[in-house]
1. Here are some conditions: (1) away from the ligand (no atom under 16 Å from the Cβ); (2) modelled with pLDDT of 95 or more; (3) of a type outside the set (Gly, Ala, Ser). Lys189 meets all but one. Which one does it not meet?
2. Restricting to region 66-87, name every residue that is surrounded by fewer than 20 Cβ atoms within 10 Å (Cβ to Cβ) and either in contact (Cβ under 8 Å) with a residue 12 or more places away in the chain or within 12 Å of the ligand (Cβ to nearest atom) (or both).
3. Tyr90 - would you say it is surrounded by 20 or more Cβ atoms within 10 Å (Cβ to Cβ), at pLDDT 95 or above, near the ligand (Cβ under 9 Å from one of its atoms) and among the aromatic types (Phe, Trp, Tyr)?
4. Within region 3-37, count every residue that is out of contact with any His (no Cβ under 7 Å at 6 or more places or on another chain), over 22 Å from Leu73 (Cα atoms) and in contact (Cβ under 8 Å) with a residue 40 or more places away in the chain.
5. Those residues that are more than 22 Å from Ser99 (Cβ to Cβ) and surrounded by 15 or more Cβ atoms within 10 Å (Cβ to Cβ), I need them from region 10-32; list them, please.
6. Just for region 96-113: of the residues that are under 20 Å from Glu41 (Cα atoms) and in contact (Cβ under 8 Å) with a residue 40 or more places away in the chain, which one is surrounded by the most Cβ atoms within 10 Å (Cβ to Cβ)?
7. Just checking, does region 164-180 include any residue being crowded, with 17+ Cβ neighbours inside 10 Å and assigned to a loop (DSSP other than H, G, I, E, B)?
8. Looking at Gln181, Gln195, can you tell me which residue is within 16 Å of the chain's Cα centre (by Cα) and farther than 24 Å from Gly132 by Cα?
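The values are calculated or read from the model by the stated rules, or taken from the named source; none is laboratory data. The structure displayed is predicted, hence computed values, not measured ones. Don't worry about glycine lacking a Cβ; one is built from the backbone with ideal geometry, like all the others, and counts go over all protein chains shown.
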Amino acid sequence: MENFKELRDMMVDTQLIPRGIKDERLLAAMRKVPRHLFIDEFMHKAYDDMALPIGEDQTISQPYMVAIMTELLELKGDEKVLEIGTGSGYQSAVLAELSLSVFTIERRAALAERAEERIHALGYGNVQIRVGDGTLGWPEDAPFDRIIITAGSPQIPKPLIEQLSDGGIIVAPVGDRFSQQLIVARKFKGSLSEQLHTPCMFVPLIGEYGWGKDED
Ligand code: SAH
């Protein structure tokens with residue numbers, strides 16, 4: 001049996017801190033959340049410096065990508081967060097450690113179901129998962145203080161901008177089908193100011209305000 005806690009500490013010490021991740025609460029959360037339990041087939045690679053397949057042609061993001069996107073959200077602990085693209089549920093668990101409540105949407109029912117089992121088995125009571133097109137947001141519980149999109153999109157979906165609180169932050173990979181750049185957008189008085197960050201590569205966001213189904 002491998003010592004997963006040791007591997008997790010090594011992941012933080014060799015992949016996150018040297019690349020500039022500083023938020024102490026985030027580093028503690030990444031030392032805590034058992035990433036290997038969010039991966040079925042490649043558990044032995046769970047703490048490696050890479051994205052991994054989670055079935056249905058989708059991936060769990062590289063640990064560093066989870067860390068940088070979460071750090072850019074500037075969570076203090078009292079935020080209501082919307083995540084688009086639940087996937088394995090790993091990012092949702094990291095968000096659950098750092099915020100008040102997490103609403104997460106996944107379009108593939110089989111992935112959402114497995115993610116929900118994992119999230120509940122780990123005892124996170126502040127995460128709600130829904131199956132559907134996340135580009136439409138979650139209007140009944142809007143507004144959200146933070147929104148994170150974990151699939152690549154041609155633009156930030158308009159409904160999500162509308163469902164962001166004033167002073168809120170959206171982090172999203174925006175670009176073409178195969179390569180994107182992380183965008184951090186802040187909303188002030190109804191309009192967004194955007195900053196570009198790290199280049200990245202995500203599976204496509206498929207939906208009304210994302211890519212068409214033929215890109216799936
Ligand atoms: N955050 C995930 C990684 C997600 S991969 C993790 O920690 O494991 C991206 C996910 O977005 C995939 O599961 C894909 O099915 C989902 N997705 C793509 N388009 C979507 C949409 N419009 N709404 C909700 N989920 C979507």
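1. Answer for Lys189: the failing condition is (2).
2. Hits for region 66-87 are Glu71, Glu74, Gly77, Asp78, Lys80.
3. Yes.
4. 2
5. Gln15 - this is the single residue of region 10-32 that is more than 22 Å from Ser99 (Cβ to Cβ) and surrounded by 15 or more Cβ atoms within 10 Å (Cβ to Cβ).
6. Only one residue fits best here, namely Leu111.
7. No, the conditions are met nowhere in region 164-180.
8. Exactly one residue qualifies, and that residue is Gln181.
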